[in-house]
Every structure is written in structure tokens, then in C-alpha cells.
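Notes for the one structure printed next.
The values are calculated or read from the model by the stated rules, or taken from the named source; none is laboratory data. No experiment lies behind these values; they were computed from the predicted model shown. Cβ placement follows ideal geometry from the backbone for every residue including glycine, while neighbour counts extend to all protein chains displayed.
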Amino acid sequence: MKKGLLITVEGTDGAGKSTQIDFINKYFKKEGRQPIFIREPGSTAIGEKIRDILLDKKYDNMSYITEMMLYAAARAQLVEEIIRPSLEKGQVVICDRFLDSSIAYQGYGRQLGDVVMEVNRHAIQGIIPDLTILLDIPVEISRNRMMKNGCDSDRIEAQSINFHDKVVRGYRELARKFPDRIKKIEGNRTVEEVSREIERYLDELG
């Protein structure tokens, strides 16, 4: 049986995650595998309910600790219900956001620091991605892409430029700390150029 793989894709909204997730999905299908796609928060009945709360602008008074705990709760359910069983069966799991999102958004963006990792240790059950693709683009470009696509901002997307700057800095710091796992890719290039770089990292997984 082939080894299960967890591939996560990170970055701010507008970085091009959906396009590159589609590319990764097709890559593994060409390899004869049938990847499972999931997103955070969500992809379970409980996770989707939590997602609705987290992203709803009417909860703009949500405390930062509450926000962090809700993301961790959705993640814990996702790991228990989908990720762990799938990896044990030797399947490829492609996840739109995972632990690094919480560290970037709540740890750096909300400035909660190490408590984010302490809480999430229970949620991830020791599961760390085999490869994390970080699509890195400046906040201004991210915002422009969102506006161009006519996307309505959710509660997190509607946060200040200063908040999103901290998130980007957080992601970059994570990439510096864990270069073997997190591959930072300049997202402000053509789709094809980004895909080719991702393909190289996928090839290295064997």
C-alpha cells in the first residue's frame, strides 16, 4: 500500500490557492491516485457549522481566543473524521489551509503567540503535512484580486491592512523556520509558472 500523504496549501485570500489546488489534484490523478480534497474550516458537518460562525460579519465582537478555539475545534473534527482515517488507508489528502493558517492568522495576525500551537497540538493529533505550498503575494495584490473577482469579504477578509500584513509576515516566518516542509512560492506570476514550481516539489515526494 502506498504511503498516505497530506498536502496543504496556504496563503492569503486571492493568492491563487484554488487554481493550484486543482493542479495538485490533477497531478495525483495522473499518478493513478484519487486525492481527497478538504478545506478549513469545514469539510465535516460540525466544521461547516463552525465555519459559518467564524466567517459571519455579525460576530465582529468575537474574542481572539474564541476565534482561535473555534478554528482548533473544526480542525480537531477534520483530523478525527477525515484526515487520520484517510492517511491510514494510504490516500492523498489535499487541504486548503491547515495548522499554519492558525499560526499566521491568530498567532501573528491576532498576536496570540505560542498559545495557538499549544491548543492545536491536541487538534492535529501529531499529524504534520508532508508538504505545504505557501503562495506568497503582497497584501495589496491580494486585495486587488479579491475586488477584481467581485468577492464579498467575510469577517476575516474584512480585517485591516495592518492585520493582513502581520499574517503575511507570519507565513514568511514559518517558511523560514520550516524550509523542508513549507515551500514559499511567489504567487504574483503566471499560473503556469507557479504550477511548474509546485510540480517540482510534488516530484520530490516520490
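Assorted remarks:
- Some residue of segment 165-185 being assigned to a loop (DSSP other than H, G, I, E, B), in contact with a helix residue (DSSP H, G or I) (Cβ under 7 Å, 6 or more places away or on another chain) and closer than 23 Å to residue 24 by Cβ: no
- Elements of type helices (runs of 4 or more DSSP H) in segment 59-146, at least 1 residues being at pLDDT 95 or above, over 30 Å from residue 200 (Cβ atoms) and under 13 Å from the mean Cα position of the chain (by Cα): 64-78
- Of all residues in segment 44-53, those being outside any loop (DSSP other than H, G, I, E, B) and touching a residue at least 12 places away in the same chain (Cβ under 8 Å) number 5.
- Residue list for segment 160-183, restricted to those being exposed (fewer than 15 other Cβ atoms within 10 Å of the Cβ) and of a type in the set (Ser, Thr, Tyr): 160
- Condition met for residue 114 (of a type in the set (Asp, Glu) and farther than 25 Å from residue 29 by Cα): yes
- Residue 65 being touching a Cys at 6+ places or on another chain (Cβ under 8 Å), farther than 18 Å from residue 175 by Cα and in contact (Cβ under 8 Å) with a residue 12 or more places away in the chain: no
- Each residue in segment 10-58 was checked for being in contact with a helix residue (DSSP H, G or I) (Cβ under 7 Å, 6 or more places away or on another chain) and at pLDDT below 95, and 5 pass.
- Filter pass, residue 126 being of a type outside the set (Val, Ile, Thr), free of Cβ contacts under 8 Å to residues at least 60 places away in the same chain and under 16 Å from residue 73 (Cα atoms): yes
- Options 157, 197, 186; residue that is surrounded by 14 or more Cβ atoms within 10 Å (Cβ to Cβ), more than 24 Å from residue 56 (Cα to Cα) and in contact (Cβ under 8 Å) with a residue 12 or more places away in the chain: 197
- Subset of segment 1-43 [over 23 Å from residue 186 (Cβ atoms) and in a strand (DSSP E or B)]: 5, 6, 36, 37, 38, 39
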